[in-house]
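Data first, discussion second: the structure below is written as structure tokens.
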Amino acid sequence: MESKVILECRGLTKTYGHATALNDVNIKLLSGRIVGLLGPNGSGKTTLIKLANGLLTPTSGEILIDGHNPGPETKKVVSYLPDRDFLAGWMTVEQALRYSEDFFEDFRTDAAKEMVGRLGIGLGQKIKTLSKGNREKVALIVCMARAAKLYLLDEPIAGVDPATRDYILQTILSNYAEDSTVVISTHLIADVEPVLNDVIFIKNGMIEMYRSADEIRETENMSVDALFREVYKW
């Protein structure tokens, strides 16, 4: 299957007053890839994801999702997992799934229920009664149960235990189509490296590197994690 450009940044810049969060970013992400958006806290990862999701507007340049500027059309093809709780605590798990089903035409309710069932979480449980790890898992299920073209996952493994990280990564691998793209923003490189096809190193709002993970290991003779530590050492 021929790859196509699903996300493109052209001279993308975002400033907040005198602070520059992104500076002249130019990248093209292809379909069918799992991409690590890697950088320390404050490097611009969340700003880039929010711009792609239409939650922020560029100061200059542009960002295109499947050839369109972020808006109603792109929300139909983008599934976004923010870096904080977004499910209403008063809802039951089933209500959260039904809400998503009503909101998104591509939401696969049966798949979501199956994933929840494998966790041993009752559909009648309220979100607020779940442990942090289980809330993270249900949020990920809500995101990955969509048949989206682009999944934007902002720090999906931050602050959870190793077993939950393993579950999250396995759920990502098991629930995206071959022609979809997954962007995983994180600073926990070693945990996500095994699932990544491509990596983007972002530092101080600028793209330091955009390469395939296999190429890094072959040409640099080191892991992505080791190269990251080399690039970002103080």
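Residues that are part of a loop (DSSP other than H, G, I, E, B) and farther than 21 Å from residue 184 by Cα within segment 1-20 comprise 1, 2, 17, 18, listed in sequence order. When you check residue 116 against the structure, is it open to solvent by less than 40 Å² (accessible area, probe 1.4 Å), touching a helix residue (DSSP H, G or I) at 6+ places or on another chain (Cβ under 9 Å) and within 27 Å of residue 42 (Cβ to Cβ), yes or no? No. Kindly establish whether residue 79 is closer than 21 Å to residue 178 by Cβ, open to solvent by less than 70 Å² (accessible area, probe 1.4 Å) and of a type in the set (S, T, N, Q). It is true that residue 79 is closer than 21 Å to residue 178 by Cβ, open to solvent by less than 70 Å² (accessible area, probe 1.4 Å) and of a type in the set (S, T, N, Q).
Within segment 21-45, the set of residues being assigned to a loop (DSSP other than H, G, I, E, B) and open to solvent by 20 Å² or more (accessible area, probe 1.4 Å) comprises 32, 33, 40, 41, 42.
For first residues located in segment 76-92 and touching a residue at least 40 places away in the same chain (Cβ under 8 Å), partners that are open to solvent by 50 Å² or more (accessible area, probe 1.4 Å) and of a type in the set (Ser, Thr, Tyr) and lie 6+ apart or on another chain with Cβ distances below 9 Å form the pairs 87/99. In this structure, residue 56 does not satisfy being touching a residue at least 60 places away in the same chain (Cβ under 8 Å), aliphatic (A, V, I, L, M) and crowded, with 19+ Cβ neighbours inside 10 Å. Of 169, 152, all but one fail to be in contact with a helix residue (DSSP H, G or I) (Cβ under 7 Å, 6 or more places away or on another chain), outside any strand (DSSP E or B) and not basic (Lys, Arg); the exception is 169.
Residues that are surrounded by fewer than 22 Cβ atoms within 10 Å (Cβ to Cβ) and either at pLDDT 95 or above or in contact with a strand residue (DSSP E or B) (Cβ under 6 Å, 6 or more places away or on another chain) (or both) within segment 172-188 comprise just one, 176. State all residues of segment 59-76 that are crowded, with 18+ Cβ neighbours inside 10 Å and assigned to a strand (DSSP E or B); if no residue qualifies, say none. Selection gives 63, 64, 65. Just one of the listed residues (216, 202) is outside any helix (DSSP H, G or I), over 30 Å from residue 107 (Cβ atoms) and open to solvent by less than 20 Å² (accessible area, probe 1.4 Å), namely 202.
The values are calculated or read from the model by the stated rules, or taken from the named source; none is laboratory data. These numbers come from a predicted model, not from an experiment. Note that each Cβ is placed from the backbone with ideal geometry, even for glycine, and that neighbours are counted across all protein chains shown. Side chains included, ligands, DNA and RNA excluded: accessible areas come from the protein's heavy atoms. Shrake-Rupley method; radii C 1.70, N 1.55, O 1.52, S 1.80 Å.
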